[in-house]
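Structure first, then comments.
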Amino acid sequence: MNIALTGASGFIGSAIARHAHEHGHKVTALVRESSNRKHIEPYVTTFIVAEQDDHSVFPEFLDGADVVIHNSYDWSVMRNKGLMAHLNSNLLGSIRLLEASEKRHFIFLSSIAVHHHMHANWNGTIDESHPTRPGSFYGAYKASVEAHMWAANASRGQQVTSLRPTAVYGLDPALKRTIGYPIVQTIREGKPITKLGGGKFVNVEDVAAVAIACINNAKASPRVYNLVNCYARWSDWAAIAAELLHANVEIDMSSPPAPKNTFDTSDVTKDLGIELNRGIDDIRKAIEELIHAT
């Protein structure tokens, strides 16, 4: 299959490009002029160099594509230019890409950030039928694109799949953006870890594997899939890192050891054959890999 992939040079995108190549797919990658491409050159057949919202390149980008995997998001626009610029670049750009994709399978890297308030009706186990109620403009953007995807499916029969990963861990090509990097550096400096809270995490390899497993899969449209491996506190990350670094630092372990809500991932296994069953031991492996890389 021919895949048109946005955000191919980034953390998740580069993993998707590699998995696609390993499964025999051809990848056309949309990348910025400033993007580092060396790490994905073995996996990409064609590069289209443009901004994600430059719809003038969409015909070339989509030429011959069977599937579109939309993974890019421009964080700098929201941070530096404000809400309206974000809406024009990220939201309008995504909707234009969806429309230009016509009847190609459109796979969207959404986010669990489409959720904020969890209804008591779900009894703490949130499946894909739970309505979206974002608590941030980022989550609102993801939920908005999803709404247009459902409309595209209903109005023209377009295949659509939304993937909602939790926080994604693994080595980022931009190493300092890797989850756990600040914790490891703080421990190396012998400083206490006071960051409270935690979250649900998913390995980048599982995110990429799920994206590829959706291709040419009738069960995957129109569908949403929650992607999560496990829950961990930041203090859990810190305790593992301190042990691996043989460091004696103060760590605030007062955050609750379990989350209030969990996400049901049974449909990922049922439809796609992928078990999201990595636990805290896999986070340990990721921290060990991060320590060796730094």
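Just so you know, all these numbers are worked out from the coordinates, no wet-lab data involved. Fair warning: this is a prediction, and the values are worked out from it, not measured in the lab. Don't worry about glycine lacking a Cβ; one is built from the backbone with ideal geometry, like all the others, and counts go over all protein chains shown.
The phi-based Karplus calculation (6.51 cos²θ - 1.76 cosθ + 1.60; θ = phi - 60°) puts the 3J(HN,Hα) values of the stretch 13-29 at x, 5, 5, 5, 4, 5, 4, 4, 4, 5, 9, x, 8, 9, 10, 9, 10 Hz, whole numbers, x for Gly and Pro. Please state, to two decimals, what the Cα-based radius of gyration of the stretch 153-294 comes to when divided by 2.2 N^0.38 Å (N = residues). Computed over Cα atoms of the stretch 153-294, the ratio equals 1.21. Distance distribution note for the stretch 1-148: the fraction of Cα pairs above 26 angstrom is 28%. Is the shape of the stretch 134-173 best called rounded, prolate or oblate, per the rule: a/c under 1.5 gives rounded, else a/b larger than b/c gives prolate, else oblate, with a ≥ b ≥ c the square roots of the Cα gyration tensor eigenvalues? In terms of gyration-tensor shape, oblate.
How high is the FRET efficiency from Ile291 to Ser76, r the C-beta distance, R0 30 Å, rounded to 0.05? So, using R0 = 30 Å, E works out to roughly 0.55. Taking the average, over residues, of other Cβ atoms within 10 Å as the packing measure, peptides 251-260, 20-29, 206-215 rank 206-215, 20-29, 251-260 from highest down. Ranked for footprinting exposure by Cβ neighbours inside 10 Å, fewest first, Met78, Met118, Met149 give Met118, Met78, Met149. In angstrom, the C-alpha Rg and Dmax of the stretch 15-80 are 12.4, 39.
By the beta-carbon count within 10 Å of each Cβ, the least crowded to most crowded order of Ser266, Ser129, Ser221, fewest first, is Ser129, Ser266, Ser221.
Put a plus charge on the Cβ of each Lys and Arg, a minus charge on the Cβ of each Asp and Glu, and nothing anywhere else: the dipole of the chain about its Cα centre is then about 400 debye.
Rounded to the nearest whole Hz, the Karplus-based 3J(HN,Hα) values (6.51 cos²θ - 1.76 cosθ + 1.60, θ = phi - 60°) of the stretch 144-155 follow the sequence 5, 4, 4, 4, 5, 5, 5, 5, 5, 5, 6, 8, with x at glycine and proline. Each distinct pair of alpha carbons in the chain adds a 1/r term; the inverse of their mean, the Kirkwood radius, is 19.9 Å.
Summarising the label geometry, the points placed 7 Å from Cα in the beta-carbon direction at His55 and Met1 lie 2.6 nm from one another. A simple spin-label model places the labels of Asn217 and His117 3.3 nm from each other, with each point 7 Å out along Cα-to-Cβ.
Across the stretch 1-145, how many lysine pairs, 8 or more positions apart or on different chains, have C-alpha atoms separated by under 25 Å? Please give the number. Pairs that pass both the separation and distance tests number 4. Each residue of the stretch 267-284 is assigned a 3J(HN,Hα), and the resulting list reads 5, 4, 5, 5, 8, 10, x, 10, 9, 8, 10, 5, x, 4, 5, 6, 5, 4 Hz, derived from the Karplus form 6.51 cos²θ - 1.76 cosθ + 1.60 (θ = phi - 60°), x at Gly and Pro.
Summary value for the stretch 117-229: 33 percent relative contact order, contacts being C-alpha pairs under 8 angstrom separated by 6+ residues. Sorting the Cα pairs of the stretch 81-201 by distance into bins of 5 Å, from 0 upward, gives 2, 9, 15, 16, 17, 15, 12, 7, 3, 2, 1, 0 percent per bin. Rg over Rh for the stretch 150-221 works out to 1.19, using Cα positions for both radii and the Kirkwood form for Rh. Taking the average, over residues, of other Cβ atoms within 10 Å as the packing measure, peptides 89-100, 173-184 rank 89-100, 173-184 from highest down. For the stretch 218-279, the Kirkwood hydrodynamic radius comes to 14.3 Å, computed from all pairs of different C-alpha atoms. Looking at the chain alone, DSSP beta bridges between its own residues are antiparallel in about 10 percent of cases.
The length gained on full extension between Ala174 and Ala100, counted as 0.36 nm times the residue separation minus their Cα-Cα distance, comes to 23.6 nm. Our analysis of the stretch 59-101 gives Rg over Rh at 1.06, with the two radii drawn from alpha carbon positions and Rh computed by the Kirkwood formula.
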